[in-house]
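Would you mind keeping the following structure in view while I ask a few things?
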Amino acid sequence: QKEVEQDPGPLSVPEGAIVSLNCTYSNSAFQYFMWYRQYSRKGPELLMYTYSSGNKEDGRFTAQVDKSSKYISLFIRDSQPSDSATYLCAMSEGTSYDKVIFGPGTSLSVIP
Amino acid sequence: NAGVTQTPKFQVLKTGQSMTLQCAQDMNHNSMYWYRQDPGMGLRLIYYSASEGTTDKGEVPNGYNVSRLNKREFSLRLESAAPSQTSVYFCASKTAGEQYFGPGTRLTVT
């Protein structure tokens, strides 16, 4: 079993839809949970990070962490064509020097 | 505030040639990382450095060496390039829960 699992998609939605992206993980020591957006031929861009369980909202993006289920989600409201990208979840134990474990990424297309 | 910078952006090497990829960060982070990204393989960790003067192997270190020159700079060296090292290379730096990436170096080995 991989440490972090993520449905690779591709996921295609109409403009304005609510998008739900999800990851599951196996290491209960993970404390920090990150979501990255990566456009084609660009570096991953940190969208949001969350410490421990709970929700965090930033504009149209909401990150949720359920540590009891080892499950994290990213919701995108009112999706736009500019949201078309690959979304990677990532997590770490939270020390300043530890490794970050990435999911394989979900490819999202928002159709106008 | 430039974040994480990488040079060069593109490079073509012949098999057996050597080169060094440069990375620098201006966020005063202790930890720095080198990844490669290949289609269908996701991001794979090559080497990382927890602090100045320390380096550790990641998932795919063979064929690479690294140097943590100072707190800001972390370089990746290919001593004898092979076609299997054709990839996009990303440098990153990290503090606690936040890791930031550079724009990448697209390397082709023929």
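From the list B:60, B:66, which residue is crowded, with 16+ Cβ neighbours inside 10 Å, without any contact (Cβ under 8 Å) to a residue 40 or more places away in the chain and within 16 Å of residue B:6 (Cβ to Cβ)? Before the answer, list the steps.
Values: B:60 fails: within 16 Å of residue B:6 (Cβ to Cβ).
Every option except B:66 fails the conditions.
Within region B:24-56, take every residue that is in contact with a Pro (Cβ under 8 Å, 6 or more places away or on another chain) and either within 13 Å of residue B:71 (Cα to Cα) or of a type in the set (A, V, I, L, M, F, W, C) (or both) and give me the one that is farthest from the other protein chains (Cβ to nearest Cβ). Don't jump to the end; show me each part of the working.
As a first pass, look at region B:24-56 and keep what is in contact with a Pro (Cβ under 8 Å, 6 or more places away or on another chain): B:42-43, B:46-47.
With either within 13 Å of residue B:71 (Cα to Cα) or of a type in the set (A, V, I, L, M, F, W, C) (or both) added as a condition, the list becomes B:43, B:46.
On the way: B:43: 5, B:46: 12 Å.
Across region B:24-56, the extreme among qualifying residues is B:46.
Where residues in region A:36-57 are within 30 Å of residue B:10 (Cα to Cα) and among the basic types (Lys, Arg), which of them is farthest from the other protein chains (Cβ to nearest Cβ)?
The extreme case among them is A:37.
Considering each of A:16, A:9, A:59 in turn, give the residue that is without any contact (Cβ under 8 Å) to a residue 12 or more places away in the chain and not polar (S, T, N, Q). Explain how you work it out, then say what you get.
Values: A:16 fails: without any contact (Cβ under 8 Å) to a residue 12 or more places away in the chain; A:9 fails: without any contact (Cβ under 8 Å) to a residue 12 or more places away in the chain.
None of the others qualify; the one that does is A:59.
Report the residue count in region A:78-99 for those that are away from chain B (no Cβ under 14 Å) and either under 19 Å from residue A:27 (Cα atoms) or touching a Pro at 6+ places or on another chain (Cβ under 6 Å) (or both).
Final tally of qualifying residues: 1.
A further question follows. Kindly indicate which of A:75, A:33, A:102 is touching a residue at least 40 places away in the same chain (Cβ under 8 Å), in contact with a Ser or Thr (Cβ under 7 Å, 6 or more places away or on another chain), among the hydrophobic types (A, V, I, L, M, F, W, C) and within 10 Å of chain B (Cβ to nearest Cβ).
Numbers: A:75 fails: within 10 Å of chain B (Cβ to nearest Cβ); A:102 fails: in contact with a Ser or Thr (Cβ under 7 Å, 6 or more places away or on another chain).
Sole residue among the options that is touching a residue at least 40 places away in the same chain (Cβ under 8 Å), in contact with a Ser or Thr (Cβ under 7 Å, 6 or more places away or on another chain), among the hydrophobic types (A, V, I, L, M, F, W, C) and within 10 Å of chain B (Cβ to nearest Cβ): A:33.
Here are the criteria: (1) crowded, with 21+ Cβ neighbours inside 10 Å; (2) within 14 Å of another protein chain (Cβ to nearest Cβ). Tell me which single one residue A:21 does not satisfy.
Condition not satisfied by residue A:21: (2).
Applying the selection to region B:19-53, what residues are under 21 Å from residue A:39 (Cβ atoms), small (Gly, Ala, Ser) and surrounded by 14 or more Cβ atoms within 10 Å (Cβ to Cβ)?
The one that is under 21 Å from residue A:39 (Cβ atoms), small (Gly, Ala, Ser) and surrounded by 14 or more Cβ atoms within 10 Å (Cβ to Cβ): B:42.
In region B:57-110, how many are away from chain A (no Cβ under 14 Å) and closer than 25 Å to residue A:48 by Cα?
Matching residues across region B:57-110 total 1.
Kindly evaluate residue A:55 against the criterion of being surrounded by fewer than 16 Cβ atoms within 10 Å (Cβ to Cβ) and polar (S, T, N, Q). Walk me through it before giving the result.
Values: surrounded by fewer than 16 Cβ atoms within 10 Å (Cβ to Cβ): yes; polar (S, T, N, Q): yes.
The answer is yes for residue A:55.
Are there strands (runs of 3 or more DSSP E) fully within region B:18-110 with at least 2 residues that are more than 24 Å from residue A:98 (Cβ to Cβ) and among the polar types (S, T, N, Q)? List them.
Details: elements: B:19-25, B:31-38, B:42-49, B:64-68, B:74-78, B:87-95, B:98-101, B:105-109.
By residue number, B:19-25, B:105-109.
Among (1) away from chain B (no Cβ under 14 Å); (2) surrounded by 18 or more Cβ atoms within 10 Å (Cβ to Cβ), where does residue A:15 come up short?
Unmet condition: (2).
Read-outs throughout are calculated quantities, based only on the coordinates presented, and are distinct from any laboratory measurement. Quick caveat: nothing in here was measured; it's all calculated off a predicted structure. Heads up, the Cβs are rebuilt from the backbone with ideal geometry, glycines too, and the neighbour counts pull from every protein chain shown.
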